[in-house]
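Chemist: My questions will all concern the structure given below.
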Amino acid sequence: MSLDIRNLTVSIGEKPILKEFNLTVPKGEVHAIMGPNGTGKSTLAKALAGHEDYDIIGGEALLDGTNIVGMEPDEIARSGLFLAFQYPAEIPGVSIANFIRAAVQARLPEGENLVATKYYKELYAAMDQLKMDRAFTSRSVNDGFSGGEKKRCEILQMMMLKPEYAIMDETDSGLDIDALRIVAEGVNSMRGPDRGFLVITHYQRLLDYIVPDVVHVMYDGKIVKSGDKTLALELEEKGYDWVKEELAPAS
Ligand code: ADP
Ligand code: MG
Ligand code: MG
């Protein structure tokens, strides 16, 4: 059982960004992708989420054997892949509790109804774990949320949806230490044999909190190096130029 990305080639407009990208994340493991800015990390996440701006021109992405390439974002989520940012930035008038409830309901087998009391019990337990105020549930999705609140909300969604695989793209927006901790605690509490994680980050420090099983370095649309968690520390120390130099043909 794995998330198996094979020869994935993605372009934005006419510009190729991912070039025959390959990666396998088995269930039970946490893989990290690091790499310089502009190398295609977010493109990978968005293409897998089914974002319309990203043209997948070749390859496949198998979720426990089912190819999700070409599926609609909703269908991808129902299939068990979670990507926080695939949810709309702001939905006026829709409370968090109802938004997550609809998403959880959508993942249930045909004909099965989510029991409200059970749902709320679980929601409140997850909120307690994330130290979120109960009043939060009645606010509209992302309406005026701070960065930390948005992160908490994303992790809450993930905890309630219990996806088989989750991709966290931490972008380069400079999460503060509290937001980093929230993401890390959420991910760590959900680690287990039945779930795989792909954590994308530009900086090593997130990996102090989420200790990955495997670290991959991405450069120019491809994975160019893989190793254990010490690779992240090596990158932190030596920078990405070191990887580029290793890749340069000997003259
Ligand atoms: P990373 O996340 O590794 O910093 P991105 O995936 O965001 O890299 O970007 C990879 C390349 O794709 C960059 O050259 C970037 O300028 C380009 N790119 C990303 N998003 C868009 C877009 N919406 N339109 C045009 N080019 C884009
Ligand atoms: Mg970027
Ligand atoms: Mg990015």
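The values are calculated or read from the model by the stated rules, or taken from the named source; none is laboratory data. Not measured: the values here are computed from a predicted model. FYI the Cβ positions are ideal-geometry reconstructions off the backbone, even for glycines, and counts take in every protein chain you see.
Chemist: Restricting attention to region 107-145, which residues are surrounded by 11 or more Cβ atoms within 10 Å (Cβ to Cβ) and in a loop (DSSP other than H, G, I, E, B)?
Modeler: Selection gives Leu108, Leu114, Leu130, Met132, Arg139, Asn142, Asp143, Phe145.
Chemist: Can Gly80 be described as away from ligand 2 (no atom under 16 Å from the Cβ) and more than 17 Å from the chain's Cα centre (by Cα)?
Modeler: Details: away from ligand 2 (no atom under 16 Å from the Cβ): yes; more than 17 Å from the chain's Cα centre (by Cα): no.
When the stated conditions are applied, Gly80 does not pass them.
Chemist: Only one of these conditions is not met by Ile68: (1) buried (at least 18 other Cβ atoms within 10 Å of the Cβ); (2) over 27 Å from Leu206 (Cα atoms); (3) within 16 Å of ligand 1 (Cβ to nearest atom). Which number is it?
Modeler: It is condition (3) that Ile68 fails.
Chemist: Have a look at Glu185, Glu170, Glu164 and point out the one that is under 21 Å from Leu81 (Cα atoms) and within 16 Å of ligand 2 (Cβ to nearest atom). Give the steps one after another, and end with the answer.
Modeler: Working: Glu185 fails: within 16 Å of ligand 2 (Cβ to nearest atom); Glu164 fails: within 16 Å of ligand 2 (Cβ to nearest atom).
Result of the check over Glu185, Glu170, Glu164: Glu170.
Chemist: Checking Thr9 against (1) touching a residue at least 60 places away in the same chain (Cβ under 8 Å); (2) away from ligand 2 (no atom under 16 Å from the Cβ); (3) of a type in the set (Ser, Thr, Tyr), which test does it fail?
Modeler: (1)
Chemist: Out of the residues in region 72-97 that are assigned to a loop (DSSP other than H, G, I, E, B) and crowded, with 18+ Cβ neighbours inside 10 Å, which is modelled with the highest pLDDT?
Modeler: Checking each candidate, the answer is Gly80.
Chemist: Moving on. Taking into account only those residues within region 188-202 that are of a type in the set (A, V, I, L, M, F, W, C) and crowded, with 19+ Cβ neighbours inside 10 Å, which is farthest from ligand 1 (Cβ to nearest atom)?
Modeler: Phe197
Chemist: Additional query: I'd like the residue in region 188-208 that is away from ligand 2 (no atom under 16 Å from the Cβ), in contact (Cβ under 8 Å) with a residue 40 or more places away in the chain and among the aliphatic types (A, V, I, L, M) and, out of all such residues, is farthest from Tyr165 (Cα to Cα).
Modeler: Looking at the filtered set, the residue picked out is Leu207.
Chemist: Within region 44-59, take every residue that is under 11 Å from Phe21 (Cβ atoms) and without any contact (Cβ under 8 Å) to a residue 60 or more places away in the chain and give me the one that is nearest to ligand 2 (Cβ to nearest atom).
Modeler: Ala47
Chemist: Let me ask you something else. Quick check on my filter: what residues within region 206-236 are assigned to a loop (DSSP other than H, G, I, E, B), away from ligand 3 (no atom under 16 Å from the Cβ) and not hydrophobic (A, V, I, L, M, F, W, C)?
Modeler: Pro212, Asp213, Asp228, Lys229
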